[in-house]
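Worksheet: the structure to be examined is printed underneath.
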Amino acid sequence: MKTLLSRVRRLLRRHRRLVAALLAGVAVWAGLGVLRPADPPSAPVLVTLRAVTGGTSLQAGDVEVRHLPLVALPAEYLSDPAEAIGRLATVPLPAGAMLLPGSVVNRTALASPGKAVLPVTLTASAATLVRVGDRIDLLAADSDAEAAVVASAVRVVAVLDPGGDSSPLSPARSAGPVVLVELEPGLQARVAAVAARGTLGFSLR
């Protein structure tokens, strides 16, 4: 027994420094864990998994939910795939883009109170000129081929891709873009009737 105790004491003395170093390392690791700041608060946000063209109907494989820091988020954003799947992208979206209420066709999000959103097809020249937020006059040609103003200073709330065959609003490829415009209730029927006859001209404000 004495021999065994002596061996244990020798082993302890031999490895005392190693044991002390291990204990010191554990103490440092524990201290760092206490001092490390907590992860910042985050929230689930809907983002695109791939680049999406404007006017494309979003599918389940196009979006996913990621948790992003709250400090980097805008006041409003989409967090549920059901808010985007099956809806049309209003603008081109790169991969990893955060989806906002205005990123997809949503009458509640796009139209101001008391107004409605109506899709109209513009002439081909609008493809490179008209942007979301522009104020435009909608023009129609009368029987004398003179342009008549159908609606003045309407706001463009979305520009859809005329080549997107998945969009029920997309016109023929020879036409210009479909734009969603915000209209007063009294103008909706008039603009819809004129738009049903073909493409509309426009002038920028």
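Structure summary
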item	result
From the options Ala140, Ala175, residue that is at pLDDT 85 or above and either under 21 Å from Pro113 (Cβ atoms) or open to solvent by less than 40 Å² (accessible area, probe 1.4 Å) (or both)	Ala140
Residue check for Ala27: open to solvent by 60 Å² or more (accessible area, probe 1.4 Å), modelled with pLDDT under 90, part of a loop (DSSP other than H, G, I, E, B) and of a type in the set (Gly, Ala, Ser)	no
Residue pairs meeting the criteria (Cβ under 7 Å; at least 6 apart or on separate chains; first modelled with pLDDT of 85 or more and of a type in the set (Asp, Glu), in the stretch 67-94; second open to solvent by 60 Å² or more (accessible area, probe 1.4 Å) and assigned to a loop (DSSP other than H, G, I, E, B))	Glu76/Leu100
Residues being open to solvent by 50 Å² or more (accessible area, probe 1.4 Å), assigned to a helix (DSSP H, G or I) and either in contact with a helix residue (DSSP H, G or I) (Cβ under 9 Å, 6 or more places away or on another chain) or modelled with pLDDT of 80 or more (or both) - total across the stretch 110-127	2
Checking Val71 against (1) out of contact with any Gly (no Cβ under 8 Å at 6 or more places or on another chain); (2) under 19 Å from Ala51 (Cβ atoms), the condition it does not meet	(2)
Residues of the stretch 56-90 classified as surrounded by 14 or more Cβ atoms within 10 Å (Cβ to Cβ), more than 16 Å from Val45 (Cβ to Cβ) and in contact with a Lys or Arg (Cβ under 9 Å, 6 or more places away or on another chain), total	1
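The values are calculated or read from the model by the stated rules, or taken from the named source; none is laboratory data. Computed from a predicted model, the values in this text were never measured in an experiment. A quick note on method: Cβ atoms are made from the backbone with ideal geometry, for glycine too, and the neighbour counts reach across all protein chains shown. These accessible areas exclude ligands, DNA and RNA; they are computed on the full protein's heavy atoms, side chains included. Shrake-Rupley method; radii C 1.70, N 1.55, O 1.52, S 1.80 Å.
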